1. Among the strands (runs of 3 or more DSSP E) contained in the stretch 1-110, which hold 1 or more residues that are open to solvent by 30 Å² or more (accessible area, probe 1.4 Å) and of a type outside the set (G, A, S)?
2. From the list R59, R70, exactly one residue is among the charged types (D, E, K, R), more than 16 Å from the chain's Cα centre (by Cα) and under 24 Å from A110 (Cα atoms). Which is it?
3. Please enumerate the residues belonging to the stretch 132-160 that are buried (at least 20 other Cβ atoms within 10 Å of the Cβ) and more than 13 Å from the ligand (Cβ to nearest atom).
Amino acid sequence: MIQHPELAVIDKFYDSDKSHILYQRLLQEQSWPDNRYTFAGRQFILPRLQTWHADAGIRYSYSNNLLESRPWTPLLLEIRAEIEQYLKYSFNSVLVNWYRNGEDYVGWHADDEPELREQAYIASLSLGAERQFAYRAKKSQASGRLSLNSGALLIMPVSFQQNWLHSVPKDTSVTAGRINLTFRRVAQPDKQPD
Ligand SMILES: [Mn+2]
């Protein structure tokens, strides 16, 4: 039951068997990078593993600061096509996060980079262990959380990013891993004069 007015969840976008297969395949087929990064001259350890895949020519300030842009894999293309067909909406990039167990997390943030302007929304597919998705309003005390099961597809509109922060908190009761695919439509960069 979703309490948040700006979020929608399709609970069984993939059934549990299919979700399990996809999770295992992604775990094996993704070439997972090290989670130690240097940014602005300082080294830090990301509390999860990430890869970023995009159509040719797509740049995204979040990923360009941190991640190499990789091409789509056949499996990611397959999943993208199924989500696009269902939502009647197209995406040009995906951020893949692997939360190896309940120690891995993402802190409070909004996906509000300038390239995600206009009506672009994010479709977030959960595979593997159930994790909590927490949200809190930027300008009030409102907050809440919801459970994301394996196979659930969460839809986040731009207004959600403008008004709310979200996180996947640490949960030491979770011993299994979760892979989260966040499909995005990043604005094409304006053509730069040569
Ligand atoms: Mn996010």
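1. The qualifying strands (runs of 3 or more DSSP E) are 8-10, 36-39, 42-45, 93-99, 106-109.
2. Within the list R59, R70, the selection yields R59.
3. Residues of the stretch 132-160 that are buried (at least 20 other Cβ atoms within 10 Å of the Cβ), as a first pass: 133, 135, 148, 150-154, 156, 160.
Within the stretch 132-160, S150, G151, A152, L153 meet the criteria.
The values are calculated or read from the model by the stated rules, or taken from the named source; none is laboratory data. For clarity, every value in this text was computed on a predicted model and none was experimentally measured. No Cβ is skipped: glycine too gets one built from the backbone with ideal geometry, and neighbour counts run over all protein chains shown. Surface areas here come from the heavy atoms of the whole protein model, side chains and all, with no ligands, DNA or RNA. Shrake-Rupley method; radii C 1.70, N 1.55, O 1.52, S 1.80 Å.
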